[in-house]
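Notes follow once the structure below has been shown.
The values are calculated or read from the model by the stated rules, or taken from the named source; none is laboratory data. As the structure is a computational prediction, the values presented were derived from the model and not from experiment. Cβ: placed from backbone, ideal geometry, glycine included. Neighbour counts: every protein chain shown. These accessible areas exclude ligands, DNA and RNA; they are computed on the full protein's heavy atoms, side chains included. Shrake-Rupley method; radii C 1.70, N 1.55, O 1.52, S 1.80 Å.
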Amino acid sequence: MSKFREIVDSPAGSKFILQGNAAFALGVLHAGYHAADGYPGTPSTEVIDKSLAQVQDKITVGWSVSEAVAVSVGLGHAIAGFDVVVTMKIPGVFQAGDAISSAAFFSGDAGAFVIYVASDYVPSSTQHVIDPRYFFSSICVPVLEPRNHQEMYEIPATAADISRKFRTPVVILVSGNLTHSEGLVELRQPRIIQPRALPKSLDEWMCLPHIARKNYNTVVQERIPQIAAWGEESNLVNITDGDEDWGIITCGINDIIVREAMQLIGKKPGILSLGKTNPIPKKIIRKFWGSISGKVFVIEDGYRYLWEKIKFMGLDVIGKEETSTITDWTPDKILEFLGEHLKELNFKPVKPVVNIKPVERPPSICPGCPYRSVGLTIKKLKRKKKIYASFGDIGCSTLLHFYDALDTVLCMGASDTMRQGFVLSRPDMAGKVVSIIGDSTECHSGLDATRNSVFRNVPGVKIVLDNRITAMTGGQPAPSSEYNLAGDTHNFNMRKAIEAEGCRTIVVDGYNLKQVETELKLALKLAGEGIFSVLIVEGACINEVPKNKTTLKLEFDYDICANCGLCNVCPGIELDECNKPSFTVFCTDCGSNEQICKQVCNKEGAITPITDPVKLPRQERPVMPDIRVREHTQIERSSLPESIRVAVRGIGGQGNLFFGKVLSELALRTPYSNCNIVKGDTHGMAQLGGPVISVFCCGDVYSPVLAPNSVDILVAMEINEVLRQGFLDLIKPNGTLIFNDFAALPVNSKKEDYPDFRKIRESLSDYNIIVADFYKAARDLGDIKGITANVVAIGLLSTVYPCSSISEDVWIEAIDAISPEEMSKAANLSAFMKGRSGL
């Protein structure tokens with residue numbers, strides 16, 4: 001896997017395995033765009049964060065404080081004559097709805113204006129699953145839905161051409177399953193687009209009522225019909241002939257998911273695939289519908305937008321029922337849906353019967369997170385009836401819900417305004433409720449709420465959790481950060497901005513539990529007396545703290561410890577059957593701040609600094625194994641299986657995504673690079689200590705969403721995670737399961753609730769089972785925190801068929817290529833060889 005900057009100047013014809021967002025970003029550069037703007041939002045963030053931000057010498061790029069601001073910044077770029085893309089997730093569309101809908105009816109001669117919207121119909125890290133195509137259709141903007149990774153790369157050029165030619169904003173609506181999966185992309189010749197000349201005046205961007213009416217009429221009567229006519233001839237609309245009497249109309253990512261499903265059952269229906277869904281290509285739809293003698297089905301994400309459009313044409317097609325809750329399709333859902341209408345389809349996958357329930361594993365704030373002190377304090381005060389409710393917001397702070405410290409979430413910036421409405425109706429509760437918001441969300445739209453509380457004289461307590469970054473989406477700079485995306489300092493100061501609103505403002509240390517509780521109690525008391533206070537709780541995001549400050553420096557003195565369980569407040573600690581605590585591999589030492597577990601312990605000395613130097617964990621410098629990375633021999637396609645599919649489950653923090661990176665780099669060095677290579681991962685909230693899945697497939701494959709009975713090897717990096725719904729269903733009847741002999745008990749869970757591994761193995765006795773302790777193997781190599789346990793697992797994986805069909809030297813070459821520097825190369829290759837040797 002090459003870094004983004006390294007592939008930008010690669011020649012046409014080069015092939016890379018790229019994440020969907022990265023493929024799109026590369027396409028933006030190669031299509032000649034001049035600017036990019038946006039607001040971080042999973043699953044759209046990496047277009048800017050991991051990609052365009054790395055090449056700021058080639059494109060003007062930055063994060064704005066909100067989606068609405070970003071859209072307006074983008075329109076300014078376009079008016080200046082520059083091609084621009086603005087990125088966001090679906091909720092951002094509605095936050096920016098005023099700006100988007102007003103801009104939709106401008107028709108001035110400008111640079112391309114493209115809005116990139118990533119959906120999350122599962123959802124994995126979004127508060128709703130609303131289909132925005134109805135909104136886009138109502139404001140008459142063309143909507144493109146890329147269908148695979150190659151099209152993700154190519155569609156920026158198409159969108160820019162449409163925007164300039166028809167003088168319209170263009171929406172690119174992308175499935176989160178495509179943005180966050182990776183696939184094979186072949187580069188095209190880049191182009192250079194010159195900025196348009198400045199207009200003589202900006203009158204065409206005025207929207208007084210009489211002008212707005214004229215603009216609307218022009219768009220409806222002229223622009224949309226012209227775009228519709230163009231779409232009938234576009235390569236974004238394709239028909240695949242079939243040999244069945246029934247057919248499928250689909251769009252976006254469902255093109256490859258449908259093909260994955262059809263491959264599984266050996267059926268070849270006619271398929272009409274749409275990469276453009278507004279306006280729909282009516283002539284081609286009629287032509288395809290007329291060519292099918294039997295039933296025609298509509299497969300689409302979201303609600304029933306496409307089905308409704310086609311039904312309105314008077315064509316009889318079958319789509320989801322009105323009350324269907326399917327918002328994203330998988331191959332098995334498609335086959336089940338088709339089977340309800342086609343008697344000849346009788347797909348019944350072999351599913352392992354394991355009547356054991358997994359322990360619930362809600363996503364958690366990270367070990368060592370400075371927010372934990374607030375969560376524990378609010379939970380304590382709620383238990384004592386000092387706090388009735390906590391109004392929450394979007395971001396990492398949302399995860400305090402699992403500490404019983406946050407009760408509601410609506411949308412960005414709404415926490416304190418909800419609190420205000422509650423207090424306005426119940427003034428006597430002003431000192432019984434609080435609101436919680438993160439620093440980046442406060443800068444996004446939370447400051448409006450702060451101002452509103454001061455303006456309307458609403459007493460109460462607002463807590464701003466300031467970790468100085470946009471943490472939930474991966475650590476992007478916010479106005480509360482010291483630097484912006486360009487690396488420049490700026491003059492915005494969040495504390496001063498809040499103080500300037502006119503409220504009582506107190507700053508506390510997130511790692512000082514006593515101070516947090518004292519100041520919160522005082523603020524609640526003052527709220528009852530009519531005062532509005534904002535508590536800013538400071539502490540750096542633990543993922544931004546230098547690694548040398550996150551090494552465990554504590555130990556338990558079991559002669560003093562009462563086994564009371566009070567310290568079980570963090571994934572960095574777990575209790576055994578007798579409530580005896582121990583530190584886990586996830587402990588971060590609270591970033592070398594005063595450790596929260598030590599502060600909650602009521603037995604002085606039970607948790608104590610390690611004083612014996614011999615006991616202090618030491619990360620030994622890895623030694624490069626005696627192997628040489630060499631050019632491997634030519635691999636013949638005939639020597640490889642038709643396909644390889646692997647799925648890995650674990651929990652956030654175990655390095656599960658690295659599996660896919662290695663496997664993708666591996667496949668790229670084989671004849672599979674002439675077929676297809678696809679990788680899919682869980683991103684966002686699920687990674688923060690929650691369940692994570694990573695899938696990989698290469699060869700005669702289509703989709704990152706895999707079908708039941710299609711996977712050769714399942715890997716469980718944590719025992720309990722093998723039981724997650726649908727995971728075992730993926731394995732082939734003769735498949736292999738690899739278990740890491742490792743159990744991580746979720747916070748506040750009991751050991752007796754954890755599933756019995758022996759019973760799991762007995763239930764899966766019909767499959768090939770391999771068990772190994774990858775953490776122990778990593779520690780044997782001097783890796784004290786087991787960081788390379790995942791690479792040890794990869795070493796073992798490389799010895800299991802069909803992965804073993806690829807020779808050792810190709811594996812070594814792949815691992816060497818994605819290891820960034822000599823120390824990591826040595827550590828990863830040592831761990832890999834440890835796994836290959838049988839541990």
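Each residue, Asp9 and Ile265, gets one label point 7 Å from its Cα in the Cβ direction; the gap between the two is 5.1 nm. Along segment 529-536 the Karplus relation, 6.51 cos²θ - 1.76 cosθ + 1.60 evaluated at θ = phi - 60°, assigns HN-Hα couplings of 9, x, 9, 9, 10, 10, 9, 9 Hz to successive residues, with x for each Gly and Pro.
Residue ranges 223-232, 147-156, 467-476, 639-648 sort as 147-156, 467-476, 639-648, 223-232 when ordered by packing (mean number of other C-beta atoms within 10 Å per residue, highest first).
Count Lys and Arg as plus one, Asp and Glu as minus one, and take only other residues whose Cβ is under 11 Å from that of Phe105; the net charge is then +3.
Given a Förster radius of 22 Å and the C-beta distance between Asp448 and Asp203 as r, what FRET efficiency does 1/(1 + (r/R0)^6) yield to the nearest 0.05? Don't jump to the answer; show the numbers that get you there.
Details: r = 31 Å, r/R0 = 1.43.
Working from the Cβ atoms, E equals 0.10.
Taking all protein chains into account, the per residue accessible area for the chain stands at 41 Å² (1.4 Å probe). Efficiency by 1/(1 + (r/R0)^6): what FRET value for Lys525 and Asp576, r their Cβ-Cβ distance, R0 = 41 Å, to the nearest 0.05? Efficiency, from the Cβ-Cβ distance: 0.50.
On the protein heavy atoms, probe 1.4 angstrom, tell me the percent of accessible surface of segment 193-281 carried by carbon and sulfur.
Working: 2310 of 4450 Å².
Solvent-exposed carbon and sulfur of segment 193-281 make up 52 percent of the total.
Could you work out Rg/(2.2 N^0.38 Å) for segment 486-530, with Rg from alpha carbons only? Walk me through the intermediate numbers first.
Values: Rg = 14.3 Å, N = 45, 2.2 N^0.38 = 9.3 Å.
Against the empirical 2.2 N^0.38 Å value, I get 1.53 for segment 486-530.
What a 1.4 Å probe finds exposed on segment 387-455 is 59% carbon and sulfur by accessible area, rounded to a whole percent. Remark: segment 118-277 carries a charge dipole of roughly 820 debye about the Cα centre, counting +1 on each Lys and Arg Cβ and -1 on each Asp and Glu Cβ. Where only DSSP H runs of four or more residues are counted, the chain gives -8500 deg cm²/dmol as its mean residue ellipticity at 222 nm, each run worth -39500 (n - 2.57). Taking 22 Å as the limit for the C-alpha separation, the pairs Lys384/Lys462; Lys282/Lys333; Lys267/Lys348 exceed it in the case of Lys282/Lys333. Scoring 540-549, 788-797, 649-658 by mean Cβ neighbours within 10 Å over their residues and listing the highest first yields 788-797, 649-658, 540-549. Each of Val771 and Glu340 was given a label point 7 Å from its Cα along the Cα-to-Cβ line. The distance between the two points is 4.1 nm.
Where the only charges are on Cβ atoms (+1 Lys, Arg; -1 Asp, Glu), what is the dipole of the chain about its Cα centre, to the nearest 20 debye?
Working: 88 positive and 97 negative charges, 269 e Å.
Computed charge dipole of the chain: roughly 1300 debye.
Arrange the peptides 696-706, 302-312, 766-776 so that the one whose residues have, on average, the most other Cβ atoms within 10 Å appears first. If you can, show how the numbers build up before the last one.
Details: 696-706: 24.8, 302-312: 19.0, 766-776: 17.0.
By packing density, highest mean first, the sequence is 696-706, 302-312, 766-776.
In order along segment 459-476, the Karplus-derived 3J(HN,Hα) couplings, from 6.51 cos²θ - 1.76 cosθ + 1.60 at θ = phi - 60°, round to x, x, 10, 10, 10, 9, 8, 10, 9, 6, 6, 8, 7, 4, 9, x, x, 8 Hz, and Gly and Pro are given as x.
Only one residue of Leu737, Ser201, Val800 has its Cα farthest out toward the positive end of the dipole of the chain, where Lys and Arg carry +1 and Asp and Glu -1 on Cβ, and that residue is Ser201.
Multiply the residue gap between Ala743 and Asn493 by 0.36 nm, knock off their C-alpha separation, and tell me the result in nm, one decimal place. Present the calculation step by step, with values, prior to reporting the outcome.
Working: separation 250, 0.36 × 250 = 90.00 nm, distance 4.37 nm.
Gain in length upon complete extension: 85.6 nm.
Computed from label points 7 Å out along Cα-Cβ, the spacing between Asn548 and Thr325 is 5.2 nm. Farthest toward the positive end of the dipole of the chain, out of Tyr33, Phe556, Met823, is the Cα of Phe556, where the dipole comes from beta carbon charges about the Cα centre.
Roughly how many debye, to the nearest 20, is the charge dipole of segment 202-356 about its Cα centre, given +1 on each Lys and Arg Cβ, -1 on each Asp and Glu Cβ, and no other charges? Write out the running numbers ahead of the final one.
Values: 20 positive and 22 negative charges, 43 e Å.
Computed about the Cα centre, the dipole is about 200 debye.
For the chain, the calculated P(r), taken from all Cα-Cα distances in 20 Å bins from zero up to the bin holding the longest distance, is 14, 45, 35, 6, 0 percent.
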